[in-house]
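As structure tokens, the structure follows; a few thoughts come after it.
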Amino acid sequence: MGWTPADLARALRFAESHGGSRVLEMEAGKRQISGPVTVAVEALLRGFLPDGFEAPAPPPETGR
């Protein structure tokens, strides 16, 4: 998706103060990924966007 941990945390409605760190902990295997988070991420990967959430702009092409 090309999103930062903070972007994903906002889409998942995690607390703004530490949502990004929670995402990083899940990615690193230090925190279990719950069933609802799994379903939400699958929906995001299929194009669903929550009400009021704007997806971040894709990163620029690197010219490779």
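Contact annotation: residue pairs with Cβ atoms under 6 Å, 6 or more positions apart or on different chains, pairing a residue in region 33-62 that is among the β-branched types (Val, Ile, Thr) with a partner that is at pLDDT 95 or above, are 33/26. Annotation note: Cβ proximity below 8 Å between a residue of region 1-27 that is surrounded by 15 or more Cβ atoms within 10 Å (Cβ to Cβ) and a residue that is among the polar types (S, T, N, Q) and assigned to a helix (DSSP H, G or I) (sequence gap 6+ or interchain) occurs for 5/21.
The values are calculated or read from the model by the stated rules, or taken from the named source; none is laboratory data. The shown structure was predicted, so the numbers you read here are calculated from the model rather than taken from an experiment. Note that we place each Cβ from the backbone using ideal geometry, even for glycine, and neighbour counts take in every protein chain shown.
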